[in-house]
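Reading through the structure tokens given below for one structure.
The values are calculated or read from the model by the stated rules, or taken from the named source; none is laboratory data. From a predicted model like this one, the values you see are computed outputs, not experimental measurements. Cβ coordinates were reconstructed from backbone atoms using ideal geometry, including for glycine residues, and neighbour counts include every protein chain displayed.
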């Protein structure tokens, strides 16, 4: 399953710039990036930038979930329900399992429902989809922090992929509007940086997909499903650099755009000096405000 954050999110741009500068400053050369500092800075600027994670889930994640299609032939074996629909309590229980430390628990929960006779379609529509909405609501009520909600969304993405659902409705060829996918490199669960970068592209009229694939294979599949003029990858930690060259090579081979521009950014590049050519990318961006102009400079015949 390739769940995206996509569409247009409205912010007063001056307020957004203030938020972006504050968020980027936490990745200075004197301070490492941590989930605690990310959540703290995000929370302290939430009102200033008028940001709503629930709005993103309601207006972007849920519609793309509902536009996903089953790619599993096994669904035919589970077409007739012999079990009642998941209750509100079960939805909440499942959502909390998605933010737990037990990465196997969400899939085990779904497996139990399958064994009890619930179809994959109803698990997708009546469990996974409302669980995403529940996580956003808990964020709005200040019961869950940004990191935990992001963690939960990544888990929801993963189990949706496991039961055989994938978003396949994106454009397959170049269109009039430029399109970029912004994603965290597999191995981290941060959305703050990609969301900041995506806003600069939206302001310039680009169509943006923020991808939350937790694995290399899922990210590569997401790239292959739709046309993108550019791909932006946010890299947080040293360990992600090891497979970065291989990941970029796979993205280029799988991309529907043979000349797709690859732009790197993220906390690791503010504390280590690297050249884009080391990884097969076109450029490294350490300031989100420069991302759009850099991406345009990398595009062929544009």
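With respect to the conditions (1) touching a helix residue (DSSP H, G or I) at 6+ places or on another chain (Cβ under 8 Å); (2) in a loop (DSSP other than H, G, I, E, B); (3) farther than 16 Å from residue 178 by Cβ, residue 256 lacks only one, and its number is (3). From 279, 228, which residue is within 22 Å of residue 170 (Cα to Cα) and crowded, with 18+ Cβ neighbours inside 10 Å? Criteria check complete, one pass: 228. Identification of strands (runs of 3 or more DSSP E) wholly contained in the range 126-243 with 1 or more residues that are at positive phi, at pLDDT 85 or above and under 17 Å from the mean Cα position of the chain (by Cα) yields no element. Just checking, does the range 86-108 include any residue being touching a strand residue (DSSP E or B) at 6+ places or on another chain (Cβ under 6 Å) and either buried (at least 21 other Cβ atoms within 10 Å of the Cβ) or closer than 23 Å to residue 187 by Cα (or both)? So far as the range 86-108 goes, no, none of its residues is touching a strand residue (DSSP E or B) at 6+ places or on another chain (Cβ under 6 Å) and either buried (at least 21 other Cβ atoms within 10 Å of the Cβ) or closer than 23 Å to residue 187 by Cα (or both).
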